[in-house]
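Notes follow the structure.
Quick note: the coordinates plus some simple rules give every number you see, no bench work behind them. For clarity, every value in this text was computed on a predicted model and none was experimentally measured. FYI the Cβ positions are ideal-geometry reconstructions off the backbone, even for glycines, and counts take in every protein chain you see.
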Amino acid sequence: MPLYRDEAVVLRTHKLGEADRIITLLTRQNGRVRAVAKGVRRTMSKFGSRLEPFTHVDLQLAEGRTFDVVTQAETRAAYAAGFGNDYERYTAGTVMLETAERLATEEKEPALAQFRLLVGALRAMASPDHRPGQVLDSYLLRALALAGYAPSFDDCAHCGRPGPHRYLNPSMGGVLCTTCRLPGSATPSAETVVALGALLAGDWDVVRATDARHLRECSGLVAAFTQWHLERGLRSLEHLERA
Ligand SMILES: [Zn+2]
């Protein structure tokens with residue numbers, strides 16, 4: 001079997017047979033890869049805990065017919081260690097891994113920008129300098145933008161009229177002017193809309209200066225955006241498979 005090397009973040013694992021696991025990876029060069037780690041559930045496994053979720057690893061893999069096989073793994077960073085016992089960081093980090101997996105829809109389709117974004121976000125999540133909710137929100141907005149769903153928090157998402165605008169609708173891709181607004185649009189505070197733009201741009205000075213209640217409002221809206229796009233993505237995928 002031909003061998004290749006890559007680096008990856010472990011997104012998810014599940015059991016296979018008695019002692020093996022299937023490891024879902026987001027790799028630097030090969031996008032999403034699912035590979036088998038043989039004997040990884042044995043106490044004396046040569047992989048130790050290196051193939052657990054949140055670990056950034058250097059890998060050697062052997063190409064296989066159904067799944068590639070992990071033959072070597074060296075840890076670069078174990079981000080979960082940085083979460084400590086902080087449950088909020090752990091759950092927010094888990095949402096990032098799930099989102100990364102769902103945005104990388106095609107196996108082995110290179111996704112270098114998504115890989116870099118995820119590594120940076122995990123590093124931030126493992127550091128005490130940032131609040132977990134804001135690291136997550138910023139990651140989600142930027143991951144959606146890289147996937148082609150960049151939200152607009154300034155110009156009207158429908159007609160392009162310069163903002164600021166006060167209506168916001170996930171299905172329309174951002175803020176809407178008074179002409180384009182749809183019934184049922186959210187009407188967040190002006191500070192919240194500014195903070196959403198700062199989270200998307202990674203402007204941490206603005207984020208840090210934002211009031212907690214506006215950041216909470218941001219989190220609800222970012223969750224709505226993400227859910228809308230991921231559900232729509234899944235629906236279009238189902239449609240594709242039926243056709
Ligand atoms: Zn408009």
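How would you rank Arg208, Arg166, going from fewest to most other Cβ atoms within 10 Å of each one's own Cβ? Provide the component values of the computation, followed by the final result.
Numbers: Arg208 13, Arg166 18.
The most exposed by this proxy come first: Arg208, Arg166.
Using modelled amide H (1.01 Å from N, peptide plane; none on Pro or chain starts), what sits under 5 Å from the amide H of Thr71, excluding residues fewer than 5 places away?
Correct list: Gln60, Leu61, Ala62.
Per-residue HN-Hα couplings for region 24-30, Karplus 6.51 cos²θ - 1.76 cosθ + 1.60 at θ = phi - 60°, whole Hz, x for Gly and Pro?
Each residue's phi maps through the Karplus curve to give 8, 10, 9, 9, 5, 9, 10 Hz.
Within the set of other residues whose C-beta is less than 13 Å from the C-beta of Ala195, count the net charge using Lys and Arg as +1 and Asp and Glu as -1.
-3
Excluding the sites themselves, what is the longest stretch of the chain that contains no GluC sites (Glu not before Pro) in a DSSP loop with at most 10 other C-beta atoms within 10 Å?
Working: sites that count: Glu18, Glu106.
The longest uninterrupted stretch comes out as 107-243.
Give the order of Lys108, Lys38 when sorted by the count of other beta carbons within 10 angstrom, beginning with the fewest.
Lys108, Lys38
Could you check which residue among Thr75, Thr66, Thr94 shows the biggest mean-square fluctuation in a GNM of the chain with a 10 Å Cα cutoff?
Looking only at Thr75, Thr66, Thr94, the biggest GNM fluctuation is shown by Thr66.
Relative to the longest principal Cα axis of the chain, at what angle does helix 87-103 sit, 0 to 90 degrees, rounded to 10?
90 degrees
Calculate, for Asp203 and Thr43, the FRET efficiency according to 1/(1 + (r/R0)^6) with r their C-beta to C-beta distance and R0 35 Å; round to the nearest 0.05. Could the numbers behind the result be given before it?
Working: r = 47 Å, r/R0 = 1.35.
Here the calculated transfer efficiency is 0.15.
Per the Debye formula with a single identical scatterer at each Cα and no solvent contribution, what log10 I(q)/I(0) holds for region 125-243 at q = 0.13, 0.14 Å⁻¹?
-0.51, -0.58
Hey, any idea what the orientation-averaged projected area of the convex hull of region 37-81's Cα atoms comes to, in nm²?
The orientation-averaged projected area of the Cα hull of region 37-81 comes to 3.4 nm².
For region 1-154, build the convex hull from the C-alpha positions and give me its volume per residue in Å³.
It is 109 Å³ per residue.
Out of His14, His214, His229, any idea which swings most in a Gaussian network model of the chain, alpha carbons joined below 10 Å?
Of the options given, His14 has the highest mean-square fluctuation.
Starting from the Cα of Tyr87, step 7 Å toward the Cβ, then list every residue of region 29-55 with an amide N under 14 Å from that point.
Of the residues in region 29-55, none has backbone N under 14 Å from the label point off Tyr87.
Taking the alpha-carbon set of region 178-226, what are its Rg and Dmax in Å?
Cα-based Rg and Dmax for region 178-226 come out at 11.4, 34 Å.
Determine Rg/Rh for region 16-58; Rg is computed over alpha-carbon atoms and Rh is the Kirkwood hydrodynamic estimate from the same atoms.
0.97
Just the Cα atoms of region 63-152: what Rg and Dmax do they give in Å?
For region 63-152, the Cα radius of gyration and maximum Cα-Cα distance read 14.5, 44 Å.
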